[in-house]
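Presented below is the structure to which this report refers.
The values are calculated or read from the model by the stated rules, or taken from the named source; none is laboratory data. Model, not experiment: these values are computed from the prediction. When we count neighbours, we look across all protein chains shown, and the Cβ atoms used for this are built from the backbone with ideal geometry, even at glycine.
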Protein chains: 2
Amino acid sequence: MRVALVQFRPEFGDISGNIDKAFSMMENTEADLFVLPELCFSGYTFTSKAEALGLSESAKDGFTLNQIKAFSLKKDAGMIYGFPEKDGDSLYNTCQFISPDGETRIYRKLHLYYYEKEWFTPGNLPLSVFEFRGGKLGMMICFDWIFPEVCRTLALKGAQLICHPANLVMSFCQQSMITRCLENAVFSVTANRIGSEKRGEFDFEFTGASRIVSPKGEILYQGSIDKDEIGVADINFEDSINKKVNFKNDLWADRRPEFYRMEPNGEE
Amino acid sequence: MRVALVQFRPEFGDISGNIDKAFSMMENTEADLFVLPELCFSGYTFTSKAEALGLSESAKDGFTLNQIKAFSLKKDAGMIYGFPEKDGDSLYNTCQFISPDGETRIYRKLHLYYYEKEWFTPGNLPLSVFEFRGGKLGMMICFDWIFPEVCRTLALKGAQLICHPANLVMSFCQQSMITRCLENAVFSVTANRIGSEKRGEFDFEFTGASRIVSPKGEILYQGSIDKDEIGVADINFEDSINKKVNFKNDLWADRRPEFYRMEPNGEE
């Protein structure tokens with residue numbers, strides 16, 4: 001399967017213009033799956049909850065969803081993108097998967113970063129895995145990367161490709177995705193945005209360098225830090241089924257969960 | 001506190017000669033704690049269990065233990081080193097901590113690598129944490145690094161410095177220790193050996209590049225890939241108590257264990 005990441009600089013608040021920009025970038029690329037950044041059509045740097053709400057949409061119906069559904073059908077490709085999701089009174093930092101046959105899935109960011117905590121409600125849905133074109137996909141968003149349990153949980157549930165929309169302001173994540181892929185024997189695609197957003201008291205520089213990594217820690221695509229670009233890699237899901245490190249070691253069979261702890265508990 | 005790693009090339013089977021070599025390397029270095037590689041006096045590449053047994057010692061009494069105890073007292077420094085531990089009929093890949101006042105602690109490698117499974121019994125003791133000179137230390141050995149639960153468990157139990165004797169044949173670990181330190185906000189010291197061992201059907205090249213890493217992912221000491229050397233860094237345990245990423249994010253408080261899974265369980 002061919003996976004593509006879309007790295008670009010959205011204009012804050014211009015949902016329609018940003019969708020058009022992304023569509024024109026993807027127009028001439030053939031891929032089975034396009035992964036776009038976190039909050040990639042709304043922009044990232046809200047200065048109030050009211051502003052975030054004003055750019056939010058429902059995961060079940062809305063301008064962005066309908067545009068992406070039509071594009072997915074036209075391209076015969078799956079799409080994953082981040083958006084501010086309104087559900088009743090709650091606002092989530094969400095990413096949505098859409099397949100050409102209209103299937104949709106959402107993931108709500110479990111670990112909110114910095115001022116996101118002021119606008120968004122922490123995710124309330126399980127880390128889940130779903131099939132697409134012969135493989136199993138999992139989704140996480142940006143800062144989720146720093147919690148090893150996120151990729152681990154997705155991988156233990158069977159994910160073979162971790163789809164990772166991001167708006168990274170630090171550069172540790174890109175390098176650490178090699179560790180995430182090695183320790184779980186999974187593929188990952190981190191679609192990060194570029195550019196800066198200076199709004200209110202905030203002044204964020206986003207770090208680009210989107211990448212696709214293999215279960216062996218190989219960098220299959222490495223993006224620039226400052227250019228709009230599409231990155232493509234052909235991946236074989238089979239490479240993530242085998243958890244063997246060598247003929248004596250298997251990343252799953254070798255685990256010793258009876259010695260692992262999930263909660264702080266002092267010394268024994 | 002000042003931590004030192006001792007990177008060197010042992011001669012297979014020459015326990016006494018290797019101890020002398022390590023002592024002469026450490027002679028003129030002042031440090032609070034010296035961390036040496038895995039199986040650093042016996043050598044690594046056993047070709048049978050009988051051979052490993054022939055080089056094994058008790059964790060409670062033995063030539064190596066007594067030599068290291070005397071050296072620890074003379075240097076007024078803690079020591080951590082790896083050795084093949086005989087306990088009854090079992091043989092473990094163990095590392096031992098010795099303090100100048102004679103306190104000892106052992107850790108038995110939980111995740112055995114490759115043919116180690118033929119000679120050693122998997123570790124049967126909890127990942128534990130102990131105090132030394134104002135900080136809390138945890139120990140893991142070599143291949144343990146690839147299981148994120150090991151550092152996570154030690155850190156959740158309060159470890160501020162992960163002491164990591166190693167005989168690495170790949171080079172992913174050294175880079176990944178940055179991720180391990182960042183995700184847990186801990187220090188780490190990876191003491192790796194250098195040189196090659198061609199014995200029986202095996203031909204291992206060890207990768208050196210020992211390093212000391214801070215809770216912010218900074219490399220405080222970077223060793224060469226092929227030279228005997230001592231690496232030193234001054235670390236402040238306080239830097240590992242604070243798990244804050246910024247004033248809104250805390251690596252411990254932000255965890256969502258209710259969404260994490262420890263066991264494979266398919267999709268929900």
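Tell me whether the range A:179-191 contains one or more residues that are of a type in the set (D, E, K, R), in contact (Cβ under 8 Å) with a residue 60 or more places away in the chain, within 12 Å of another protein chain (Cβ to nearest Cβ) and touching a helix residue (DSSP H, G or I) at 6+ places or on another chain (Cβ under 8 Å).
Yes, there is a match, as at least one residue in the range A:179-191 is of a type in the set (D, E, K, R), in contact (Cβ under 8 Å) with a residue 60 or more places away in the chain, within 12 Å of another protein chain (Cβ to nearest Cβ) and touching a helix residue (DSSP H, G or I) at 6+ places or on another chain (Cβ under 8 Å).
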**Message:** Looking at the range B:78-94, can you tell me whether even one residue there is in contact (Cβ under 8 Å) with a residue 24 or more places away in the chain, farther than 22 Å from A:Asp250 by Cα and at the interface with chain A (Cβ under 8 Å from one of its Cβ atoms)?
**Reply:** no
**Asked** Hey, does the range B:151-171 have a residue that's closer than 16 Å to B:Val213 by Cα and surrounded by fewer than 19 Cβ atoms within 10 Å (Cβ to Cβ)?
**Response** yes
**Search result, residues across the range A:98-128 that are within 14 Å of chain B (Cβ to nearest Cβ), within 16 Å of A:Val35 (Cα to Cα) and either aromatic (Phe, Trp, Tyr) or in contact with a helix residue (DSSP H, G or I) (Cβ under 6 Å, 6 or more places away or on another chain) (or both)** = A:Tyr107
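Suppose we filter B:Cys181, B:Cys173, B:Cys163, B:Cys151 for residues that are part of a helix (DSSP H, G or I), under 20 Å from B:Ile106 (Cβ atoms), at pLDDT 95 or above and not acidic (Asp, Glu); which single one remains? If you could, list the steps in order and put the result at the bottom.
On the way: B:Cys181 fails: under 20 Å from B:Ile106 (Cβ atoms); B:Cys173 fails: under 20 Å from B:Ile106 (Cβ atoms); B:Cys163 fails: part of a helix (DSSP H, G or I).
Exactly one residue qualifies, and that residue is B:Cys151.
Output the strands (runs of 3 or more DSSP E) that fall wholly within the range B:197-268 and possess 2 or more residues being among the acidic types (Asp, Glu), farther than 29 Å from B:Phe132 by Cβ and within 26 Å of the chain's Cα centre (by Cα), or say none. Working first, answer last.
Values: elements: B:202-205, B:211-213, B:219-222, B:229-234.
In the range B:197-268, the matching strands (runs of 3 or more DSSP E) lie at B:202-205.
So that you can scan it fast, the table gives a plain yes or no per residue for (1) assigned to a loop (DSSP other than H, G, I, E, B); (2) more than 27 Å from B:Met1 (Cα to Cα):
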| position | (1), (2) |
| --- | --- |
| B:Ser42 | yes, yes |
| B:Thr47 | yes, yes |
| B:Leu53 | no, yes |
| B:Lys60 | yes, yes |
| B:Leu65 | no, no |
| B:Lys69 | no, no |
| B:Leu73 | no, no |
**Complete:** Of the residues in the range A:217-247, those that are without any contact (Cβ under 8 Å) to a residue 40 or more places away in the chain, within 11 Å of another protein chain (Cβ to nearest Cβ) and surrounded by 15 or more Cβ atoms within 10 Å (Cβ to Cβ) come to A:Gly217, A:Val245
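Going by the conditions given, is B:Phe143 part of a strand (DSSP E or B) and among the hydrophobic types (A, V, I, L, M, F, W, C)? Before you say what the answer is, go through the steps one by one.
Details: part of a strand (DSSP E or B): no; among the hydrophobic types (A, V, I, L, M, F, W, C): yes.
In short, no.
Tell me which residues, restricted to the range B:177-203, are small (Gly, Ala, Ser) and either buried (at least 24 other Cβ atoms within 10 Å of the Cβ) or in contact with a strand residue (DSSP E or B) (Cβ under 7 Å, 6 or more places away or on another chain) (or both).
Keep residues of the range B:177-203 that are small (Gly, Ala, Ser), which gives B:185, B:188, B:191, B:195-196, B:200.
Those that are small (Gly, Ala, Ser) and either buried (at least 24 other Cβ atoms within 10 Å of the Cβ) or in contact with a strand residue (DSSP E or B) (Cβ under 7 Å, 6 or more places away or on another chain) (or both): B:Ser188, B:Ala191, B:Ser196.
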**Criterion violated by B:Lys117 - all others in (1) closer than 24 Å to B:Glu205 by Cα; (2) without any contact (Cβ under 8 Å) to a residue 40 or more places away in the chain; (3) in contact with a Phe, Trp or Tyr (Cβ under 7 Å, 6 or more places away or on another chain); (4) not in a loop (DSSP other than H, G, I, E, B) satisfied** = (3)
**Prompt:** When you look at A:Ser210, is it more than 14 Å from chain B (Cβ to nearest Cβ), touching a strand residue (DSSP E or B) at 6+ places or on another chain (Cβ under 6 Å) and either surrounded by fewer than 21 Cβ atoms within 10 Å (Cβ to Cβ) or among the hydroxyl-bearing types (Ser, Thr, Tyr) (or both), yes or no?
**Reply:** yes
